[in-house]
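Since the structure comes first, as structure tokens, the remarks are kept for the end.
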There are 4 protein chains.
Amino acid sequence: MKHDKDEKAIVLAWFGATYPKALAGITAMQREVREAFPETRVEVALTSNMIRRIWQGRRGDKDYLAKHKGVPAGVLYAKGPLAAIADLQDEGYRTIIVQPTFIYGGEEFADLASYIRGLDSIETVKPRNRPFKKLLLGRPLLGMPGPRHDYRQDMAAAAAALGADVELAGKDHAALVYMGHGNKFHSTGAYIEFQQVMREMYPETPIFIGTVEGFPSLDYVLSAILHVRVKKVLLKPLMMVAAEHAGHDMAGDQDDSWKSVLSSQGIEVRCMMQGLGEKPEIRDIFIRHLRDTAGDNHITLPDRRRE
Amino acid sequence: MKHDKDEKAIVLAWFGATYPKALAGITAMQREVREAFPETRVEVALTSNMIRRIWQGRRGDKDYLAKHKGVPAGVLYAKGPLAAIADLQDEGYRTIIVQPTFIYGGEEFADLASYIRGLDSIETVKPRNRPFKKLLLGRPLLGMPGPRHDYRQDMAAAAAALGADVELAGKDHAALVYMGHGNKFHSTGAYIEFQQVMREMYPETPIFIGTVEGFPSLDYVLSAILHVRVKKVLLKPLMMVAAEHAGHDMAGDQDDSWKSVLSSQGIEVRCMMQGLGEKPEIRDIFIRHLRDTAGDNHITLPDRRRE
Amino acid sequence: MKHDKDEKAIVLAWFGATYPKALAGITAMQREVREAFPETRVEVALTSNMIRRIWQGRRGDKDYLAKHKGVPAGVLYAKGPLAAIADLQDEGYRTIIVQPTFIYGGEEFADLASYIRGLDSIETVKPRNRPFKKLLLGRPLLGMPGPRHDYRQDMAAAAAALGADVELAGKDHAALVYMGHGNKFHSTGAYIEFQQVMREMYPETPIFIGTVEGFPSLDYVLSAILHVRVKKVLLKPLMMVAAEHAGHDMAGDQDDSWKSVLSSQGIEVRCMMQGLGEKPEIRDIFIRHLRDTAGDNHITLPDRRRE
Amino acid sequence: MKHDKDEKAIVLAWFGATYPKALAGITAMQREVREAFPETRVEVALTSNMIRRIWQGRRGDKDYLAKHKGVPAGVLYAKGPLAAIADLQDEGYRTIIVQPTFIYGGEEFADLASYIRGLDSIETVKPRNRPFKKLLLGRPLLGMPGPRHDYRQDMAAAAAALGADVELAGKDHAALVYMGHGNKFHSTGAYIEFQQVMREMYPETPIFIGTVEGFPSLDYVLSAILHVRVKKVLLKPLMMVAAEHAGHDMAGDQDDSWKSVLSSQGIEVRCMMQGLGEKPEIRDIFIRHLRDTAGDNHITLPDRRRE
């Protein structure tokens, strides 16, 4: 029985996106993780209830599907993290690593950690009936609280992976402005700290990070940009996908988009619709985080590199 | 979005069975629960990992399926309790009652309660994102520990539901002998107590309850039967399904089956292969337990009776 | 700092008693556990809220204390299990075994297990700050559910430890009747199963076990006694302490005490006010259970036997 | 019995301090909370294991006690949060609010929340035996994640409470520099966001916040100070107590103290050894947070204001 074989699986947890063209990073990462761990099952889960509902509706919408033939099945039929984990368990996978593709340890990460903690607390009278042997959570791009992996090293690795963005802005004599998601429910200081890491790594180019929600807001970013008399910016999302927020809040034509607001101050704005998930260097970081989580917990994931 | 509509679902948790003809009770109960609560989604889950693996294997076994055309999809594709609950949650059901069809609050019930407790402990930063509004567990046939519902009343109701068995034995001037499952891991005293409840309710007919595993064993039952000089017994499983154990341990032709052992002592044995789940009176009890769990927790399950 | 030394402690969890003379077993067990594990801190906790409140009231009651000079401080100042565990943690004890002195895995054990589970679920950002290294629960006299230790062997050990009671009854040509506590909230079948274990171990002497609450009731025991025409009984509590229940329900002079009811049927009754905790053989079993829990979890409790 | 009276208690959880003169804020807050809620028991707990060990050692140190007669018993005998909560429960307090006096929702808060969550997960067979009716956690000075109370309003309230510091610096034509604790294990962005809130509230005075551990470091603060050519600073701890860190890291005479480093750059430094807990306005915020937690959870704490 599979039950006894200790099958292993990986769940890649994305917040999600509803723009079909924003899905490239999701598909690419699933493919690369499968290539890296060829004997391990790899599934995608979407953590946003709202986004999942939209895809659920599209599954049966013939017109939509006819117009968008390239939508990957991995997204169209993606489950939430609970069902993704549970269905793997049902098939006999009892060692599961959930690797979020979140930027930092914010609300989505806290919620996902609570799912993992709840599932992992399930005990059975006979220990061999426990649903999971090991159910583990990998860390976000910019690291997570705790002594095991220094989040500042994670920030440095992420900053290094963004070198191409800095170079692109530099060639253009432009400042690099990132729009992160942020939130209104707790401090988003990781963005500020990451901005500082980038500034120290790339002192030649002015770099600014703001968020759609919460701190640092566009106003704050704008006043900082004006303070240093920047005339030209390369504007990119600091999000895994370039989707609704990037298309609307960042690059939309309405008056209150970041593009419009910066332009209205006489700044030349070049928008680039590319999610972090589309960068191979960023995807490599998550694969490293996966490998760390496996190694830290004495799990052997047969790995292409070792062959 | 479904997410916000507070959809309700019921999961009927069976230990399971691999004999196709043993599935009648499972199918009948699912149908009757659907009839009782016509606006509520009703799914079946199988708690036995081993039995689920066997059905998983049969899903793709063309020969098997050709020979057993009547296997209900609800069993052939049944998930374990974790996946059954999680998949409902994924579809937007956030109020879920899990009604086990276990005989008493033993190992399977303890394990299932731990699943429910683990899932119910999942918290989210925004309370509205909690995966479940209410995730509840109904009580087994013979009740469960706790002050809310007196397990002795549950025992009395179960004893009343078995009147036809007693009558059948009585007409035949036979003793009624039940074979329960039991276990080796903790005391199965509920069987003894239930035997006493039945004896008091039906004093005319000698009634004996033994278990395949643990106490009271066949030896114990046999010595009690011999003590009161019973010459004839009606032998039935005290299990929800009449499946492997009933066919083999109880009614098998090998020397150590209950039938053989009793026969070898000169006792006339009539075996009846009927699971408790095939009795409408027993299924009604579980529907009452469902209704109690809903009512105790202020959940309105639109109910045929009220229309 | 103590914090880093991994100090070990044992908490002996008793339901409790308010009769000063019933405390002998509690005091003796604490002393013997200290002797067995001379380098380990040993405290007593009382799990009954009501009994603890009574002792709390007596702490400041000068009249009471003057009249009862022998009340051991370990009981007079005993805390509940939560405070007993927490105060040890506060002093730097991070490996703690809680050994209940319950008869079987009933309500009190389930509640205590929930305390342990809740406390053990406390995680900290830095693993070294976790309040407990290991917080463990020993098993009751008659064992507990699970595959690690066969509860039937625990029952056999307990039955063997009661040989003196059987011998005493035997010499007197009396039946041995035990009054257990029982409960109304779930099946107390462990008593019946234990009765069977004793009957098989001591076939010469009629042995009956009943409970104050729930099944098997005095009525049930009485009818069984009358059935076998017993004329004389030795009546003892199957409780750790011979206190309120033994003094009142068992041996009281009122009409509905077990003594009165049995006597009214012409049975000669000899009551013996001795709690199981007063028997060295029973205390030895709990010390063995402690040793098992330590050994199963790779905890070294320096032990007198090894010196 | 107290058990049934639903007694209420408040635990004020401080990280702690070993400098006797740093304890003034702790004592003052305990007194004021008692005055605000005169019918509610109010205890202090220290969350730092290391600090608690030091006080435990001093309890029996006659020389120390002779020299430091003013050490309040509430600190000298303070327990950790687990023992403080458990001992109150043991005395019959079943509704307990734990109000941390932490600056923000960082490591200490996450750990304390885990204690509360673990304790609150304890269930009992009879619901009335649950150790706690309600066990709740108040929010830190700068708020905590979640939708219930906007942390930005908490930051604004805290900034308003620090007006006197700004005024003092302003009178002196000095910049205001706060030294927070920070940490190395996760992003301390709350400090940066709070700095921005203060800068917007007090635009006349240059305000800088740095941390002993992690980001923003003294180097970072120093470069910002030099950038705006500040010549004079008022240096204060952004910590609840002015203790070890304030005395050594901030105001110490060694070369790498903040005072020395800033002075070495030609900046005139005035150090002020005052913990936030010594400010009545800050203590009032915590009392408001307590009141919010009670109100949000329908707990009536009889309150002086209402009389």
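The values are calculated or read from the model by the stated rules, or taken from the named source; none is laboratory data. Please read all numbers here as calculations on a predicted model, not as lab measurements. Here the Cβ positions follow ideal geometry from the backbone for every residue, glycine too, while neighbour counts run over all protein chains shown. In case anyone asks, the SASA skips ligands and DNA or RNA and just uses the protein heavy atoms, side chains included. Shrake-Rupley method; radii C 1.70, N 1.55, O 1.52, S 1.80 Å.
I'd like to check which helices (runs of 4 or more DSSP H) are fully inside segment D:59-98 and have at least 3 residues that are in contact (Cβ under 8 Å) with a residue 12 or more places away in the chain and closer than 18 Å to C:Gln56 by Cβ.
Details: elements: D:62-67, D:73-76, D:81-91.
Passing ranges, in order: D:81-91.
Just give me the residues in segment A:215-233 being open to solvent by 10 Å² or more (accessible area, probe 1.4 Å), closer than 15 Å to D:Gln196 by Cα and within 13 Å of chain D (Cβ to nearest Cβ), in sequence order. Can you show your working first?
Residues of segment A:215-233 open to solvent by 10 Å² or more (accessible area, probe 1.4 Å): A:215, A:217-220, A:222-224, A:226-232.
From what's left, closer than 15 Å to D:Gln196 by Cα: A:215, A:217-220, A:222-224.
Answer for segment A:215-233, where residues must be open to solvent by 10 Å² or more (accessible area, probe 1.4 Å), closer than 15 Å to D:Gln196 by Cα and within 13 Å of chain D (Cβ to nearest Cβ): A:Phe215, A:Ser217, A:Asp219, A:Tyr220, A:Ser223, A:Ala224.
Can you name the residue in segment D:27-53 that is among the polar types (S, T, N, Q) and more than 15 Å from the chain's Cα centre (by Cα) and, of all such residues, is surrounded by the most Cβ atoms within 10 Å (Cβ to Cβ)?
D:Thr40
Would you point out the residue of segment C:112-160, among those that are closer than 21 Å to C:Gly277 by Cα and within 9 Å of another protein chain (Cβ to nearest Cβ), that is most open to solvent (accessible area, probe 1.4 Å)?
Of all residues in segment C:112-160, those closer than 21 Å to C:Gly277 by Cα come to C:112, C:137-144, C:151-160.
Restricting the remaining residues to those that are within 9 Å of another protein chain (Cβ to nearest Cβ) gives C:142-144, C:151-152, C:155.
Numbers: C:Leu142: 7, C:Gly143: 5, C:Met144: 59, C:Tyr151: 4, C:Arg152: 87, C:Met155: 1 Å².
By that ranking, first place goes to C:Arg152.
Within segment A:118-138, is even one residue over 20 Å from C:Pro127 (Cα atoms) and among the hydroxyl-bearing types (Ser, Thr, Tyr)?
For segment A:118-138, residues over 20 Å from C:Pro127 (Cα atoms) and among the hydroxyl-bearing types (Ser, Thr, Tyr): present.
Would you confirm whether or not segment B:150-172 contains a residue that is part of a loop (DSSP other than H, G, I, E, B) and over 22 Å from C:Tyr220 (Cα atoms)?
Our first condition is that a residue be part of a loop (DSSP other than H, G, I, E, B); within segment B:150-172, this holds for B:150, B:162, B:172.
Okay, now just the ones that are also over 22 Å from C:Tyr220 (Cα atoms), so B:162, B:172.
Scanning segment B:150-172 turns up at least one residue that is part of a loop (DSSP other than H, G, I, E, B) and over 22 Å from C:Tyr220 (Cα atoms).
I'd like the full set of residues that are among the charged types (D, E, K, R) and either surrounded by fewer than 12 Cβ atoms within 10 Å (Cβ to Cβ) or in contact with a strand residue (DSSP E or B) (Cβ under 8 Å, 6 or more places away or on another chain) (or both), limited to segment B:257-307. Break it down stepwise before answering.
Filtering segment B:257-307 down to residues among the charged types (D, E, K, R) leaves B:259, B:268, B:270, B:278-279, B:281, B:283-284, B:288, B:291-292, B:296, B:303-307.
Scanning segment B:257-307 gives B:Lys259, B:Glu268, B:Arg270, B:Arg304, B:Arg305, B:Arg306, B:Glu307.
Across segment D:57-113, what is the total count of residues that are basic (Lys, Arg) and within 30 Å of C:Tyr115 (Cα to Cα)?
The total comes to 2.
Before we move on, is C:Gly266 over 20 Å from C:Pro38 (Cα atoms), part of a loop (DSSP other than H, G, I, E, B) and more than 23 Å from the chain's Cα centre (by Cα)? Spell out the reasoning first.
Numbers: over 20 Å from C:Pro38 (Cα atoms): yes; part of a loop (DSSP other than H, G, I, E, B): yes; more than 23 Å from the chain's Cα centre (by Cα): yes.
Taking the combined requirement at face value, the residue satisfies it.
Inspect all residues belonging to segment C:233-249 and state whether any of them is among the acidic types (Asp, Glu) and closer than 25 Å to C:Leu142 by Cβ. Even if it seems obvious, please write down each step before you answer.
We begin by selecting, within segment C:233-249, every residue among the acidic types (Asp, Glu); these are C:244, C:249.
Right, trim to closer than 25 Å to C:Leu142 by Cβ and you get C:244, C:249.
The answer is yes; a qualifying residue exists.
Say whether the condition of being under 22 Å from B:Met144 (Cβ atoms), away from chain D (no Cβ under 14 Å) and surrounded by 17 or more Cβ atoms within 10 Å (Cβ to Cβ) is met by at least one residue in segment C:54-74. First the steps, then the outcome.
Taking segment C:54-74 and keeping what is under 22 Å from B:Met144 (Cβ atoms), we get none.
Checked against the condition, which is being under 22 Å from B:Met144 (Cβ atoms), away from chain D (no Cβ under 14 Å) and surrounded by 17 or more Cβ atoms within 10 Å (Cβ to Cβ), segment C:54-74 yields no hits at all.
Checking C:Val212 against (1) farther than 30 Å from B:Pro140 by Cβ; (2) away from chain B (no Cβ under 14 Å); (3) of a type in the set (A, V, I, L, M, F, W, C); (4) open to solvent by 40 Å² or more (accessible area, probe 1.4 Å), which test does it fail?
Among (1) farther than 30 Å from B:Pro140 by Cβ; (2) away from chain B (no Cβ under 14 Å); (3) of a type in the set (A, V, I, L, M, F, W, C); (4) open to solvent by 40 Å² or more (accessible area, probe 1.4 Å), C:Val212 violates only (1).
When segment C:167-197 is examined, which residues are found to be surrounded by fewer than 21 Cβ atoms within 10 Å (Cβ to Cβ) and more than 14 Å from chain B (Cβ to nearest Cβ)?
Selection gives C:Glu167, C:Leu168, C:Gly170, C:Lys171, C:Asp172, C:His173.
How about segment B:81-107: which of its residues are of a type in the set (D, E, K, R) and either open to solvent by less than 10 Å² (accessible area, probe 1.4 Å) or facing chain A (nearest Cβ under 9 Å) (or both)? I'd like the intermediate steps shown before the answer.
Let us first name the residues in segment B:81-107 that are of a type in the set (D, E, K, R), namely B:87, B:90-91, B:94, B:107.
Of everything in segment B:81-107, those that are of a type in the set (D, E, K, R) and either open to solvent by less than 10 Å² (accessible area, probe 1.4 Å) or facing chain A (nearest Cβ under 9 Å) (or both) turn out to be B:Asp87, B:Asp90, B:Glu91, B:Glu107.
In this structure, is C:Ala164 open to solvent by 10 Å² or more (accessible area, probe 1.4 Å) and either more than 11 Å from every other protein chain (Cβ to nearest Cβ) or touching a residue at least 60 places away in the same chain (Cβ under 8 Å) (or both)? So that I can check it myself, show each step before the final result.
Details: open to solvent by 10 Å² or more (accessible area, probe 1.4 Å): yes; either more than 11 Å from every other protein chain (Cβ to nearest Cβ) or touching a residue at least 60 places away in the same chain (Cβ under 8 Å) (or both): yes.
So C:Ala164 fits the description; yes.
Of the conditions (1) open to solvent by less than 50 Å² (accessible area, probe 1.4 Å); (2) outside any loop (DSSP other than H, G, I, E, B); (3) within 14 Å of chain C (Cβ to nearest Cβ), B:Glu200 fails just one. Which one is it?
If we test B:Glu200 against (1) open to solvent by less than 50 Å² (accessible area, probe 1.4 Å); (2) outside any loop (DSSP other than H, G, I, E, B); (3) within 14 Å of chain C (Cβ to nearest Cβ), just (1) comes out false.
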